[in-house]
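Peer 1: Have a look at this one.
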Amino acid sequence: MLETALAVSKGQVPGHVITEILAAGREMMRHPVEPFPGVHEALEELSAQYKLILITKGDLFHQESKLAASGLGSFFSGVEIVSEKKAETYARVFSRHGAGPEHAAMAGNSVRSDVLPALEAGSYAALIPYHLIWAHEDAPLPTAHPRFKELPSLADLPKWLTEVAGSSR
């Protein structure tokens, strides 16, 4: 928010606006993190069968704080906080943490940031829609792609991954 205020005002943002932005940021950091229903159980099941890597975009401190507050960190073998989610990002992360993108699957709620770049990298990708989405994250669903699946919830991911593993043998 500070970067945007500075950019929009061409470096002339008033001090009282910076104060308001900092107060809003502190308030956001105090907001409790509550995982969606069923996420804990799904991650518990998934982590018993697969190596889970959390790939998230954003501010390092904020993302680390949210993960710690969620109580879900123990399910992940690794955490990657990236500045951009691109095919190259997924390929690099999947290679660093496993056998490469062709043997990995990405599950997320953004077609543009989670699904499309993971597919482009050669991975499987599952869209788990959420009713709120940023306009810039909207993109057509790659329904014809053989490595794509839209799932109603994270609880459906273990079954789909079992199907994927069975079909790739």
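Peer 1: Can you give me the ranges of the strands (runs of 3 or more DSSP E) entirely in the range 1-108 with at least 3 residues that are exposed (fewer than 12 other Cβ atoms within 10 Å of the Cβ) and out of contact with any Cys (no Cβ under 7 Å at 6 or more places or on another chain)?
Peer 2: none
Peer 1: Separate question: Between a residue in the range 81-93 that is of a type in the set (D, E, K, R) and any residue that is surrounded by fewer than 20 Cβ atoms within 10 Å (Cβ to Cβ), which pairs come within a Cβ distance under 8 Å, given they are 6 or more apart or on different chains?
Peer 2: E84/K57; K85/K57
Conditions tested, residue by residue: (1) of a type outside the set (A, V, I, L, M, F, W, C); (2) modelled with pLDDT of 90 or more; (3) not assigned by TED's automatic domain parsing to the domain that holds I81.
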residue: A5; (1), (2), (3): no, no, yes
residue: V13; (1), (2), (3): no, yes, yes
residue: H16; (1), (2), (3): yes, yes, yes
residue: E20; (1), (2), (3): yes, yes, yes
residue: R26; (1), (2), (3): yes, no, yes
residue: A48; (1), (2), (3): no, yes, no
residue: L52; (1), (2), (3): no, yes, no
residue: K57; (1), (2), (3): yes, yes, no
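Peer 1: Let me ask you something else. For H136, all conditions in the list (1) assigned to a helix (DSSP H, G or I); (2) surrounded by 10 or more Cβ atoms within 10 Å (Cβ to Cβ) hold save one; what is the number of the exception?
Peer 2: Of the numbered conditions (1) assigned to a helix (DSSP H, G or I); (2) surrounded by 10 or more Cβ atoms within 10 Å (Cβ to Cβ), the odd one out for H136 is (2).
Peer 1: Do we have L60 as under 27 Å from E163 (Cβ atoms) and among the hydrophobic types (A, V, I, L, M, F, W, C) here?
Peer 2: no
Peer 1: Let me ask something else. Against the definition (in a helix (DSSP H, G or I), of a type in the set (A, V, I, L, M), closer than 20 Å to I81 by Cα and modelled with pLDDT of 95 or more), how does A125 come out, yes or no?
Peer 2: So A125 fails the test.
Peer 1: Do the conditions hold for A125, that is, is it crowded, with 21+ Cβ neighbours inside 10 Å, within 14 Å of the chain's Cα centre (by Cα) and under 19 Å from F148 (Cβ atoms)?
Peer 2: So A125 passes the test.
Peer 1: Right, next: Out of (1) within 28 Å of F61 (Cα to Cα); (2) part of a loop (DSSP other than H, G, I, E, B); (3) free of Cβ contacts under 8 Å to residues at least 12 places away in the same chain, what's the single condition that is false for T143?
Peer 2: Condition not satisfied by T143: (1).
Peer 1: On the basis of being over 14 Å from the mean Cα position of the chain (by Cα), assigned by TED's automatic domain parsing to the domain that holds A48, among the hydroxyl-bearing types (S, T, Y) and modelled with pLDDT of 95 or more, does Y90 make the cut? Working first, answer last.
Peer 2: Working: over 14 Å from the mean Cα position of the chain (by Cα): no; assigned by TED's automatic domain parsing to the domain that holds A48: yes; among the hydroxyl-bearing types (S, T, Y): yes; modelled with pLDDT of 95 or more: yes.
Taking the combined requirement at face value, the residue does not satisfy it.
Peer 1: A further question on this structure: Could you list, in sequence order, the residues of the range 93-150 that are of a type in the set (V, I, T) and in contact with a Leu (Cβ under 7 Å, 6 or more places away or on another chain)? I'd like the intermediate steps shown before the answer.
Peer 2: Within the range 93-150, the first condition is being of a type in the set (V, I, T), and the residues that meet it are 93, 111, 115, 128, 133, 143.
V111, V115, I128 - these are the residues of the range 93-150 that are of a type in the set (V, I, T) and in contact with a Leu (Cβ under 7 Å, 6 or more places away or on another chain).
Peer 1: Give all pairs with beta carbons closer than 6 Å in which a residue from the range 96-115 that is at positive phi meets a residue that is at pLDDT 95 or above; count only pairs at least 6 apart in sequence or on separate chains.
Peer 2: From the range 96-115, the pairs are G100/F94.
The values are calculated or read from the model by the stated rules, or taken from the named source; none is laboratory data. Bear in mind that the values here come from a model prediction, so they are computed numbers and not experimental data. As a convention, Cβ positions derive from the backbone with ideal geometry for all residues, glycine included, and neighbour counts pool all protein chains shown.
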